[in-house]
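Visitor: What follows is a structure written as structure tokens; I'll ask about it next.
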Amino acid sequence: MSIIGKSVYRKESLDKVTGKAKYTNDFESKEMLYGKLVTSPYGHAKIIQIDDTKTRAMRGIRAIITGGNFPLTGEELRDRPPIAYDRVRYFGEVVAIVVADTMQLAEMGANNLDITYEPLPVVNSPSEALQPDAPLIHENLGEYKKTAGVSPEPGTNIASKIKIRKGDIEQGWLESSVTVEAAFSFHPSDHAAMETRCSFAQIHEDGRVEITSSSQAPFMIKKLISLYFDIPTGNVVVNTPLVGGAYGGKASTQLEILAYIATKAVDGKLVKIVNTREDDMVTSPGHIGLTAKVKLGCTKEGFLKVAELIYLWDSGAYSDKGIDLARAGAVDCTGPYHVENIYCDSYCMYTNHPYPAPFRGFSHSEVHFAFERTMDILAKELNIDPLQLRYINAIKPGDTSPTQVKLNYSNIGNLQECLSKLRELMDWDNGQMITVDQHKIRAKGISCIWKNSTIDSNASSGVILTFNPDGSINLITGVVEIGTGTKTVLAQILAERMKMPIEQIYVQMPVNTQSTPEHWKTVASRGTFMAGRAVLKAADDIICQLKERAACVLRAPIEDLEVGFEKVYIRDDPSINIAVKDIAYGFVFPNGNAIGGQIIGSGTYTLRHITSVNKETGAGRPGPEWTVGAQGVEIEIDTRTYRYQLLKAFSVIDIGKVLNEAGARGQVMGAMSMGLSFAGRETFIFDEYARVLNPQLRTYRPLRYGEHPKYIVEFVETPQIDAAYGARGVGEHGLIGMPAALGNALSAGLQINLNHLPLIPELLWRTKVGNK
């Protein structure tokens with residue numbers, strides 16, 4: 001292969017490093033108006049009165065929009081008013097929008113609104129939400145519109161419940177000689193993407209609604225705006241330029257709805273709404289929280305026999321993506337291990353916290369933290385090496401997943417090879433703990449990972465290829481460039497198939513839902529897989545057209561022709577050929593006769609054999625394949641202060657086939673840093689009224705420069721047969737095992753069980769001191 005596997009520079013990199021790249025908030029115009037969100041200072045309260053007298057008296061105020069006249073929204077369960085009315089259900093919820101001539105005027109107008117609230121009792125955790133006497137967040141839960149597979153329980157705070165039942169749970173306990181049980185928890189948190197969310201909208205005179213948004217899902221915006229507001233789908237056009245980081249947070253639809261509401265309130269004029277950092281953290285959807293109980297049983301040799309699991313997901317005030325997250329956590333509930341008997345209940349719970357969007361890994365880092373910490377607890381109980389325990393239980397071809405999918409090398413890869421390579425990289429056999437001096441200890445922790453992508457069964461991706469007169473190709477895809485470099489990888493796939501220089505492939509970066517072929521969503525590590533297949537199909541289309549045209553010119557059968565090296569040539573005599581550029585826009589014979597025109601190719605790919613999961617057992621095929629891996633962390637901790645330093649972080653991922661070496665390593669390293677930041681630093685702090693006390697980066701603290709470890713990334717290559725050149729998704733997987741690996745390293749070093757996040761020195765101290 002000439003281009004696959006090479007570290008190709010990203011197609012958009014020059015614009016980014018020179019500052020020429022445009023993001024949503026970079027677009028301005030003279031006629032643009034600005035919307036400012038007015039949000040709730042309470043976690044749960046009645047809205048008694050909104051007095052807008054002072055705001056209406058201001059010059060330059062165009063509209064003051066309050067709730068009550070808009071449809072309920074939500075992808076799977078329509079439980080969320082775009083603007084709260086009657087009451088607010090979380091700190092930061094939108095209660096009004098002020099539209100003005102300038103952003104400064106809009107902010108002043110928002111500050112001048114006088115809103116009277118009456119605080120209500122709050123639900124501050126999913127465990128509280130499950131209590132019989134808990135305040136109900138949604139009294140009308142049974143009346144909401146919902147999609148198939150969603151099972152809310154009216155009269156409770158349960159938005160949905162997903163069950164996994166595999167094997168015989170009672171038999172599993174009978175066959176178990178050793179059992180362990182542990183509880184885990186962490187609060188919701190934030191994505192902390194560099195670019196805050198931003199949308200602007202207008203309604204043209206012909207009724208066409210045009211929205212520009214920093215989104216991972218422009219085609220979903222188009223669908224939902226049409227659905228919620230009864231607008232013909234063709235009348236909704238969504239633009240998405242480059243996106244400055246997303247991590248799942250920009251897969252939900254929120255600001256786009258508000259921007260549409262705002263433009264409609266001012267007779268279709270252009271209105272922009274951009275989040276402040278504080279709004280982005282608590283008003284727009286964040287990272288889901290979890291409370292979990294894990295109980296495992298195994299033989300005395302360490303072979304897992306049974307897993308009993310309860311996952312209570314903190315979906316906040318609205319279900320939005322919480323239901324899907326609870327489902328994703330359930331279908332991969334045991335981590336990448338062969339467990340014959342599984343009993344798992346995964347609840348999507350309402351609380352008075354901000355509601356969730358997807359977060360990189362889509363509930364897998366959360367589930368893995370609980371399960372992988374329990375694996376270490378089990379290893380300690382058995383007095384078995386934690387890595388060896390994982391090795392003997394590693395999922396393999398011939399096993400079945402928790403949803404009873406039969407596994408093979410193509411759809412599961414080789415976890416044991418990942419573990420063997422991790423053992424070498426970490427020098428594991430030389431000891432998990434080393435005493436540095438009287439007060440410092442070095443310790444290592446590991447975790448295994450896997451992830452399937454729970455995805456709509458009809459999710460598809462399309463690609464259009466158009467030739468330029470010089471024989472170069474324009475690649476047009478609905479994949480959004482969110483910083484992953486996917487569009488560059490797609491160009492590599494095309495260059496490899498066409499046997500042409502990648503410099504001759506031009507990739508359209510912005511997405512326009514009217515002119516760009518649809519890609520379901522840029523989520524779930526699906527971009528390269530789905531769009532990659534579409535690229536190959538589109539490439540075959542243009543190859544076929546080139547051969548047909550060249551056959552006329554070269555007077556040769558189509559089956560005798562090959563395309564490559566910017567020519568169409570006779571395969572047994574390449575000296576007989578014609579340049580692609582001479583036929584890509586048609587061909588003119590010497591007498592003036594012409595054939596053809598611009599060659600345009602297309603290709604689509606739809607996932608195959610994806611099913612819903614059975615309501616009672618969870619059986620089904622929710623996604624196409626798993627990416628597996630093994631990860632580790634090495635830390636040094638001061639036993640006097642409980643401060644610790646991250647020394648090294650390791651990942652060995654079965655990537656199937658490396659398509660872009662530097663890009664793949666960069667994706668995994670970036671994800672690893674997010675996982676360590678989530679595990680060691682990031683959390684929302686709630687008071688007794690469910691107010692977020694740290695909604696700004698001064699007090700919400702991700703990992704900073706100088707705090708990162710040395711990142712060490714290696715790959716195993718077990719091809720996924722149905723993927724472009726065998727490559728598996730890898731955009732999220734570097735994150736998944738980092739929280740558990742860090743928890744396991746610190747637990748081993750301090751000889752305690754650390755089952756709650758974030759792993760800050762105070763928690764370590766309290767846990768250690770409390771054990772004495």
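Where a number appears in this text, it was derived from the coordinates with a stated rule and is not lab data. Just so it is clear, the structure is predicted and the values come from calculations on it, not from any experiment. FYI the Cβ positions are ideal-geometry reconstructions off the backbone, even for glycines, and counts take in every protein chain you see.
Visitor: Based on Cβ point charges of +1 for Lys and Arg and -1 for Asp and Glu, what charge dipole magnitude is obtained for the chain about its Cα centre, in debye rounded to the nearest 20?
Guide: Using only the charged Cβ atoms, the result is roughly 640 debye.
Visitor: Ok, one more. Considering the options SER189, GLY527, LEU746, tell which one lies farthest towards the positive end of the dipole of the chain, charges being +1 on Lys and Arg and -1 on Asp and Glu at the Cβ, about the Cα centre.
Guide: Ranked along the dipole, the leading option is LEU746.
Visitor: HN-Hα J couplings of the range 713-726 from phi, Karplus 6.51/-1.76/1.60, θ = phi - 60°, integer Hz, Gly and Pro as x?
Guide: 10, 9, 10, 10, 10, 10, x, 8, 4, 8, 9, 4, 6, x
Visitor: Can you compute the modelled spin-label distance between LEU72 and ASP385, with each label point 7 Å from Cα toward Cβ, in nm?
Guide: Inter-label distance under the simple model: 5.6 nm.
Visitor: Report, please, the projected area of the range 517-618 averaged over directions, based on the convex hull of its C-alpha atoms, in nm².
Guide: Answer in nm², one decimal: 9.7.
Visitor: Suppose each label sits 7 Å from its Cα in the direction of the beta carbon; what would the TYR9-ASP114 distance come out to in nanometres?
Guide: 6.1 nm
Visitor: Further question: At a 10 Å Cβ-Cβ cut-off, how would you order CYS344, CYS552, fewest neighbours first?
Guide: Ascending number of Cβ neighbours within 10 Å: CYS552, CYS344.
Visitor: Could you go through the range 516-526 in sequence order and give the Karplus-derived ³J(HN,Hα) for each residue, using 6.51 cos²θ - 1.76 cosθ + 1.60 with θ = phi - 60°, rounded to whole Hz, and x for Gly and Pro?
Guide: Once rounded to whole Hz, the list reads 9, x, 6, 10, 2, 7, 8, 8, 6, 6, 9.
Visitor: What FRET efficiency comes out for ALA183 versus GLU688 if R0 is 22 angstrom and r is the Cβ-Cβ distance? Round to the nearest 0.05.
Guide: The calculated FRET efficiency here is 0.50.
Visitor: Percent of Cα-Cα pairs more than 36 Å apart in the chain, please.
Guide: Roughly 46 percent, rounded to a whole number.
Visitor: With θ taken as phi - 60° and the coefficients 6.51, -1.76 and 1.60, list the Karplus ³J(HN,Hα) couplings across the range 108-119 in order, rounded to whole Hz; mark glycine and proline as x.
Guide: My calculation for the range 108-119 gives 5, x, 5, 5, 8, 6, 9, 10, 9, 10, 10, x Hz in order.
Visitor: Can you tell me the mean projection area, over all orientations, of the convex hull of the range 197-269's alpha carbons? Units nm², please.
Guide: 4.4 nm²
Visitor: Taking Cα pairs under 8 Å and at least six residues apart, what relative contact order does the chain come out at, in percent?
Guide: Contact order relative to length: 16 percent.
Visitor: Taking Rh as the Kirkwood radius computed over C-alpha pairs, what is the Stokes-Einstein D of the range 1-125 at 10 °C in a medium of viscosity 1.306 mPa s, expressed in µm² per second?
Guide: Estimated diffusion coefficient is 89 µm²/s.
Visitor: Give me ARG497, ARG89 ranked fewest to most by other Cβ atoms within 10 Å of their Cβ, as a rough exposure proxy.
Guide: Arranged by neighbour count, lowest to highest, ARG497, ARG89 become ARG497, ARG89.
Visitor: I would also like to ask the following. Based on the Cβ-Cβ distance of ASP638 and TRP173, what FRET efficiency does E = 1/(1 + (r/R0)^6) give at R0 = 51 Å, to the nearest 0.05?
Guide: Rounded to the nearest 0.05, the efficiency is 0.75.
Visitor: Next question. Can you list the residues, at least 5 places off or on another chain, whose amide H is less than 5 Å from the amide H of ALA45, using H built in the peptide plane?
Guide: VAL88, LEU120
Visitor: Moving to a separate point now. According to a simple spin-label model (label point 7 Å from Cα along Cα-to-Cβ), what is the distance in nm between ILE48 and ASP722?
Guide: 6.0 nm
Visitor: Which of ILE288, ILE434 has the fewest other C-beta atoms within 10 Å, and how do the rest follow up to the most?
Guide: ILE434, ILE288
Visitor: Still on this structure: Once the piece of chain linking ASP437 and LYS16 is laid out straight, how much longer is it, given 0.36 nm per residue of separation minus the C-alpha distance between them?
Guide: 146.9 nm
Visitor: Relative to the present Cα-Cα distance, how much length would full extension add between LEU647 and GLN131 at 0.36 nm per residue of separation?
Guide: Result for the pair: 181.5 nm of gain on full extension.
Visitor: Please list, in chain and number order, the residues 5+ apart from ALA63 or on another chain whose amide H is under 5 Å from its amide H, with Hs placed from the backbone.
Guide: Hits under the 5 Å cutoff: VAL99.
Visitor: Mind checking which aspartates and glutamates have their C-alpha under 12 Å from LYS20, skipping anything on the same chain fewer than 8 residues away?
Guide: GLU12
Visitor: First measure r as the distance between the Cβ atoms of PHE229 and LYS581, then evaluate 1/(1 + (r/R0)^6) with R0 = 56 Å and state the FRET efficiency to the nearest 0.05.
Guide: Calculated transfer efficiency: 0.75.
Visitor: Moving to a separate point now. Give me the log10 of I(q) over I(0) for the range 163-322 at q = 0.17 Å⁻¹, as the Debye formula computes it from C-alpha points; what are the numbers?
Guide: With no solvent term, the Cα-only Debye profile gives -0.96.
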